[in-house]
Amino acid sequence: MSTLFLRTLRDDPADAEVPSHKLLVRAGYVRRVAPGIYSWLPLGLAVLDKVEKVVREEMASIGSQEVHFPALIPREYFDASGRWEEYGENIFRLMDRKKAEYLLAPTHEELFTLLVKGEYSSYKDYPLSLYQIQIKYRDEARPRAGILRGREFIMKDSYSFDLSHEGLVKSYYDHRGAYERIFSRLGFDYKIVFAVSGAMGGSASEEFLARTPSGEDAFVQCTNCDYAANTEAAEVAVPPAVVSTGSTNAVQIHDTPNTPTIDTLVEVFNALGLRDEPFSAADTLKNVVLRTKAPGETEWSLLIVGVPGDREVDLKRLSGQLEPIEVEQAGPEDLAKAPLLVKGYIGPQILGLESPSKIKYLVDPLVVEGSVWITGANVEGKHAANVVRGRDFTPDGEIGAVEIRDGDRCPRCGSPLEVAKGIELGHVFQLGEKYAKAFGLTALGQEGKPVGITMGSYGVGVTRAVAALAEQTYDDKGLCWPRIVAPADVHLVATGKDDAVFVAAAKLAEELESKGVSVLYDDRYGVSPGVKFKDSELLGVPTIVIVGKGLADGVVEIKDRKTDERRNVPVASAAEVIAAVVAGTEVTAPGGQT
RNA sequence: CGGGGCGUAGCGCAGCUUGGUAGCGCACCCGCUUUGGGAGCGGGGGGCCGCAGGUUCAAAUCCUGUCGCCCCGACCA
C-alpha cells in the first residue's frame, strides 16, 4: 500500500448524499470529474473488474458471445431508428472536423441489429445472442447519487435474435436465469419485479431491483405471495362492482362555495347532514385534467382521469402505461380551450355530451361500475352527489392512475402490498420485432422465404452494481464488500516500528499470494496503528490480518470485517488458515483453533 | 425547466454583516519524539477567494452581470 495510488479522506465529500457515494470517494475508489462523470482509481477498478468477471461468466453460460461496439457513432444509425429525434436532449451530440454529426451512444440496439443483419442471412444461423460491456452516455437532466446515476456509466447490454416467439421466450428466460445467478453471486438482496417496457416497445419486461432506501425506483411487493412490480407497472386488486339495487337516489346538486380542495368539500358536505355516517375524501371523485401528445402530433389533447378523492394521481405510472404518448399536468392555457370545464368543479356527467366530447375520460379501476360519488357539478360553487358510474357517466376506459400505497391489495391474492425502494440493477425484456422490422433484419427460411426476427434486450448496470453493492453492504465503519467483488481477499496490516513485524508480514503476504490469495498489504512505515485500522475498515476488504504486537508471542490476528470476530493464529500456520478462511473451506467454528 | 443552497489550498470549512491585501482542521514536505484505534512538538510548501464589470485610496467582503456545482421536483430501458 505504500505505493498504491490511494488517498483516503477523513471527511465526507460535501457533494455526496448517499452512502455509496460518500464511501467510494472517501475510500479512494472513485473521484468526480464532472457531474455524473467519475474516474475509477485502482481499488475501484479492481471491484469493477470483478463484477464484470461474474457478468462475463454468466453470459458465457447461456451461450452469449461478447462483442464490442464503438461508443462514438455517426448520426445515420440513430436516424434510421428515429431515435436521433426521439431520444431528445439525453443524447450527447458532437461533430467531427468535417462537420459530420455524431453521438455518444446511450444504448446500442441499432448497432447490434445492423451487425447481425450484415453477417447473417439464413434461418440456420439462429438463435443468436450477443452482448457487450460498454460505456454508455446519457446527458441526464439531473445526474445524482454519485455512481448510481451518472451521465457516463458502464452497462452490459445484450440482445437475443430468434426466429419465433417461442424462441424469444426461451432466450428471455435464459437471460433471466443468468441475471439471477449474477446478482445472487454478487451478493445482492434483490427482487425481480414486473416493469413497463417503456419507449422500447415490446411486451414482457422485468426489472431486477436491489432493495435499498436510497433507491430511485419504487416497487410493490405482496406480503403473502410472490407478486412484485415496479409501481409504474403495478396493478392493485379492485373492489367488486356495485350491483345496482335501483335504490340509489337521483343526482342532487348542492351549493358548495369556496371548496377548492377535497378536504373543504368533505367538510361542507358533512355540514349538510345528508346521511348519518360522515363523508370522507374516499367518497369523492377527483377529476384531474392532464394533457397528452402522441408522437408526431404537435397539439396537446386533453385527458381527464377520475380517481377517488383520497388518492393522488401517479403521473409516472400513467406515463408508463401511455408510452409512447407523452402525458403531463394540464395548465391554465389548456383549460381555457375547454370552457365547459370549471376548474375545481369538474364532474364526468357532462363529458361526452357536448363540445368537450373530444376529451377522453378514463377512471382508475378503483372507480368501479355502479359506484356512487360526490363530484363536481360543472358549475362554479356547486357539487353533485349520488353520481353513479354506469348511470350518470360512462368513462371511455380504465387506467391504473392512483398512487399505489402501503396496504393496497395484491392483484393476485388480495393480501396487502407494501411499497419499497430499490435500485434498478438489470432489466430484461422482449423487444419483439421493432428493431428487426425497422432495419429489415430477416432470415431466409426453409421455404426460401424471409422469416422475421424477433429480439430480446437485456441490460445490467455494471458501474451502478458496484455502487448498489456498496449501498447494501456498508456499515458505520466503511465499505464492506462481499468477498467475490472485494478489491483483495485479505487486507494485511503491519503495525509497529519493529522491523521484524514488516519482515514477518511481507513473508506472510508472499505465502498468501503463492496460495492464490490476493493481498492488500499495508506496509506503510511510520503510520500509526489507528490510521491503518481505520483505513482497513474503510476500504472494506472482507478479511483483515494484523501482524503487530502479537508477533512477540508468535501469533497474528485474523479479523472478519463484517462481524468483527477476531482470533489469533500461530505465524507458522497463518497462511494456511487464512487461505482456508478466504476459500470458505474452513470447517471449525470462527474463533476455534485449527 | 421550477424551487432551495453553495462557489475561499487536494479535501472539509471559517472569514463577508461592519472593505484595510487570507485563515483553521485534514492531507502533503522536513526534523525530533511516538507506534494496538484517525499521535505530539517544532519548522515548511501550496490560494486568479468561480469569472467579468462597477463603486472605492483600498474589494474575498459592497453593487451588477455571468458561469458553474449540489439538493428537491419535472425528466429518465
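Does at least one position in the range A:477-490 carry a residue that is within 30 Å of A:LEU9 (Cβ to Cβ), away from RNA strand B (no atom under 16 Å from the Cβ), among the β-branched types (Val, Ile, Thr) and surrounded by fewer than 22 Cβ atoms within 10 Å (Cβ to Cβ)?
Scanning the range A:477-490, I find at least one residue that is within 30 Å of A:LEU9 (Cβ to Cβ), away from RNA strand B (no atom under 16 Å from the Cβ), among the β-branched types (Val, Ile, Thr) and surrounded by fewer than 22 Cβ atoms within 10 Å (Cβ to Cβ), so the answer is yes.
Name every residue in the range A:539-558 that is under 12 Å from A:LEU492 (Cβ atoms) and either over 41 Å from the mean Cα position of the chain (by Cα) or near RNA strand B (Cβ under 6 Å from one of its atoms) (or both), in order of residue number.
Selection gives A:ILE546, A:VAL547, A:GLY548, A:VAL556, A:GLU557.
Being in a strand (DSSP E or B) and near RNA strand B (Cβ under 9 Å from one of its atoms) is the filter here, so list the residues in the range A:125-155 that pass it.
Those that are in a strand (DSSP E or B) and near RNA strand B (Cβ under 9 Å from one of its atoms): A:LYS136, A:ARG144, A:ARG149, A:MET155.
With respect to A:GLY36, determine if the residue is buried (at least 19 other Cβ atoms within 10 Å of the Cβ) and farther than 20 Å from A:ARG138 by Cα.
Working: buried (at least 19 other Cβ atoms within 10 Å of the Cβ): yes; farther than 20 Å from A:ARG138 by Cα: no.
No.
To keep it simple, each residue is scored yes or no on (1) in contact with a Ser or Thr (Cβ under 7 Å, 6 or more places away or on another chain); (2) not hydroxyl-bearing (Ser, Thr, Tyr).
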{"residue": "A:LYS136", "(1), (2)": "yes, yes"}
{"residue": "A:SER160", "(1), (2)": "yes, no"}
{"residue": "A:ILE182", "(1), (2)": "no, yes"}
{"residue": "A:ASP189", "(1), (2)": "no, yes"}
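I'm told A:LEU48 meets every condition in (1) modelled with pLDDT of 90 or more; (2) surrounded by fewer than 17 Cβ atoms within 10 Å (Cβ to Cβ) except one. Can you identify the failing condition by its number?
So A:LEU48 meets the others, but not (2).
Starting from residues that are assigned to a loop (DSSP other than H, G, I, E, B) and surrounded by fewer than 16 Cβ atoms within 10 Å (Cβ to Cβ), keep the ones in the range A:392-404 and report whichever is nearest to the chain's Cα centre (by Cα).
Per the criteria, the residue is A:ASP396.
Criterion first (part of a helix (DSSP H, G or I), within 14 Å of RNA strand B (Cβ to nearest atom) and crowded, with 18+ Cβ neighbours inside 10 Å) does A:THR113 satisfy it? First the steps, then the outcome.
Working: part of a helix (DSSP H, G or I): yes; within 14 Å of RNA strand B (Cβ to nearest atom): yes; crowded, with 18+ Cβ neighbours inside 10 Å: yes.
Spelling it out, A:THR113 is indeed part of a helix (DSSP H, G or I), within 14 Å of RNA strand B (Cβ to nearest atom) and crowded, with 18+ Cβ neighbours inside 10 Å.
Of all residues in the range A:275-318 being in contact (Cβ under 8 Å) with a residue 24 or more places away in the chain and of a type in the set (S, T, N, Q), which is farthest from RNA strand B (Cβ to nearest atom)?
My answer is A:SER280.
Where the second residue is more than 10 Å from RNA strand B (Cβ to nearest atom) and of a type in the set (Phe, Trp, Tyr) and the first is farther than 15 Å from A:PRO13 by Cβ and at pLDDT 90 or above and lies in the range A:29-42, which pairs have Cβ atoms under 7 Å and are six or more apart or on separate chains?
These pairs meet every condition: A:PRO42/A:PHE5.
Which members of the range A:73-107 meet the condition of being within 24 Å of A:GLY150 (Cβ to Cβ), within 16 Å of RNA strand B (Cβ to nearest atom) and in a helix (DSSP H, G or I)?
Listed by number, the residues that qualify are A:TYR77, A:PHE78, A:ARG83, A:TRP84, A:GLU86, A:GLY88, A:GLU89, A:ASN90.
Of the conditions (1) exposed (fewer than 12 other Cβ atoms within 10 Å of the Cβ); (2) at pLDDT below 85, A:HIS68 satisfies every one except a single condition; which number is it?
(2)
Being among the hydroxyl-bearing types (Ser, Thr, Tyr), touching a helix residue (DSSP H, G or I) at 6+ places or on another chain (Cβ under 9 Å) and buried (at least 23 other Cβ atoms within 10 Å of the Cβ) is true for just one of A:SER205, A:SER160, A:SER171, A:SER214. Which residue is that? Working first, answer last.
Numbers: A:SER205 fails: buried (at least 23 other Cβ atoms within 10 Å of the Cβ); A:SER171 fails: touching a helix residue (DSSP H, G or I) at 6+ places or on another chain (Cβ under 9 Å); A:SER214 fails: buried (at least 23 other Cβ atoms within 10 Å of the Cβ).
Within the list A:SER205, A:SER160, A:SER171, A:SER214, the selection yields A:SER160.
Going by the conditions given, is A:ALA436 modelled with pLDDT of 90 or more and more than 23 Å from A:THR585 (Cα to Cα)?
The answer is no for A:ALA436.
Identify the residue in the range A:13-25 that is within 7 Å of RNA strand B (Cβ to nearest atom) and more than 15 Å from A:SER214 (Cα to Cα) and, among all such residues, is surrounded by the fewest Cβ atoms within 10 Å (Cβ to Cβ).
That would be A:ALA14.
Can you name the residue in the range A:518-538 that is closer than 22 Å to A:PRO570 by Cβ and surrounded by 21 or more Cβ atoms within 10 Å (Cβ to Cβ) and is also nearest to RNA strand B (Cβ to nearest atom) among such residues?
In this case the residue turns out to be A:SER536.
Looking at A:ASP49 and the list (1) under 20 Å from A:ARG142 (Cα atoms); (2) away from RNA strand B (no atom under 12 Å from the Cβ); (3) of a type in the set (Asp, Glu), which single condition is not satisfied?
For A:ASP49, the exception is condition (1).
The values are calculated or read from the model by the stated rules, or taken from the named source; none is laboratory data. Please read these numbers as outputs of a predicted model, since none were measured by experiment. Every residue, glycine among them, receives a Cβ derived from its backbone with ideal geometry; neighbour counts consider all protein chains shown.
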